[in-house]
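Following: one structure in structure tokens, then a few remarks.
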Amino acid sequence: MTIKVISAIITAVLFVQISNAQDPIFTQSNYIQETINPGFSGFEDNDRISAGILSRTQWPNLDLQVSTQYFYINKSYENRNSSGSGIGFNALWQNESFTNYNYYQANVNYMHRVNLSGGWFFRPAIEVGFGFKDIGFSSLTLADQININSGVINPVSADPFSGNLDNVAFFDVSSGLVFEKVGYNGSSYWFGVSAKHLNRPSISFLRNENVPLDIFYSIHGNYRFPFLNDYTIMMTANYMQQGEYNRLDIGSLFQVNQFLIGVTAATNPARNDNDSHLLTSINGFIGLEYTNFRFGLSYDANVSNIGNTNGVYEFSLTYMSRCRSCPTDRSRKR
């Protein structure tokens, strides 16, 4: 490879990761809302503990395979004045196989519940954390460093980027709020708003360059109601916007005893270029509840012209502790 070719590759990687950096999005975020809004820390109330893991594999048939792992745990607390609070922790790791790009982030969050009149609850929250992006610059060997005749590899390259690249570490601040109402006959509904990266941290790999990360906005809602007495249906919607890109997920989840079946349509309302599709994938979900655990498996069936990617797979395992402060053990809200 020539220096120009390698420089072009590095520039392309930097352009993709810096200019178009997008937050990881989970298919199951419609059911595990901690991934999008810190206001869901302690959402189950009554001193309960909620925890879970999410594992996502995107485009396994392509060289550009992306793997994302997510973990969260939070606990609710009841106060004497009938209000409440929740604290939580979450961590995320994402890896891109082609460039060996890694993204790590860990956050802590706090939610305060305000009991309003008419059965309404207001849950504002704040989240702070640290992120780290690594693309393994120290392992790169450029063409002009290699002396073919002697076999010696020079430690210095003439490439203009070679001595001006750093991994990225940043402090991050996010916020969110949720309004919730418990209705009659087992029905309930809520809607929330969140904004990540409010401080717009710089994510440039180029030293002394400031490229602020776009704020990630999300507006989401949920309506849950009984069906045929013993079953429930949950309708969900989640709109997300970051920079010029957006996404709208609309779906439903049916629960029959301990079994769950869901379907979500993922859409691209912005359609940023002429080749974009409004409907990008149909996402199926199946789940099983066993004691305090819920197992979930989802698959995104691509309906755009991106090619044979073999879709996106996600596996989730969540835990909900017993409701010890309730007269009877209350089931999950979600």
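The values are calculated or read from the model by the stated rules, or taken from the named source; none is laboratory data. Computed from a predicted model, the values in this text were never measured in an experiment. All Cβ positions, glycine included, derive from the backbone under ideal geometry; neighbour counts span all protein chains shown.
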Exercise for review: Looking at (1) modelled with pLDDT under 95; (2) in contact with a strand residue (DSSP E or B) (Cβ under 9 Å, 6 or more places away or on another chain), find the lone condition where Thr99 falls short.
Suggested key: (2)
Review point. Can you list the strands (runs of 3 or more DSSP E) found entirely within the range 224-334 that contain at least 3 residues being within 28 Å of His197 (Cα to Cα)?
Key: 231-242, 245-256, 259-267, 279-290, 312-320
Check your understanding: For Leu213, are the conditions met, namely being of a type in the set (A, V, I, L, M, F, W, C), touching a residue at least 24 places away in the same chain (Cβ under 8 Å) and in contact with a Pro (Cβ under 8 Å, 6 or more places away or on another chain)?
Key -> yes
Practice item. Evaluate the range 124-146: report whether one residue or more is loosely packed, with under 14 Cβ neighbours inside 10 Å, over 29 Å from the mean Cα position of the chain (by Cα) and at pLDDT 75 or above. Key: no
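Of the residues Gly119, Gly88, Gly84, only one is among the small types (Gly, Ala, Ser) and loosely packed, with under 15 Cβ neighbours inside 10 Å; which? Quick ask: steps written out before the conclusion?
Values: Gly88 fails: loosely packed, with under 15 Cβ neighbours inside 10 Å; Gly84 fails: loosely packed, with under 15 Cβ neighbours inside 10 Å.
Only one candidate qualifies: Gly119.
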**Study point:** Odd one out for Arg330, checked against (1) under 22 Å from the mean Cα position of the chain (by Cα); (2) of a type in the set (D, E, K, R); (3) at pLDDT below 95
**Key:** (1)
Revision key, fill the gap. In the set Gly39, Gly84, the lone residue that is in contact with a strand residue (DSSP E or B) (Cβ under 8 Å, 6 or more places away or on another chain), at pLDDT 95 or above and not β-branched (Val, Ile, Thr) is Gly39
Check your understanding: Is it the case that Gln94 is in contact with a Gly (Cβ under 9 Å, 6 or more places away or on another chain) and at pLDDT 85 or above?
Key -> no
Exercise for review: Select, from Arg247, Arg224, Arg200, the only residue that is of a type in the set (Lys, Arg), surrounded by 15 or more Cβ atoms within 10 Å (Cβ to Cβ), modelled with pLDDT of 90 or more and touching a Leu at 6+ places or on another chain (Cβ under 8 Å).
Suggested key: Arg200
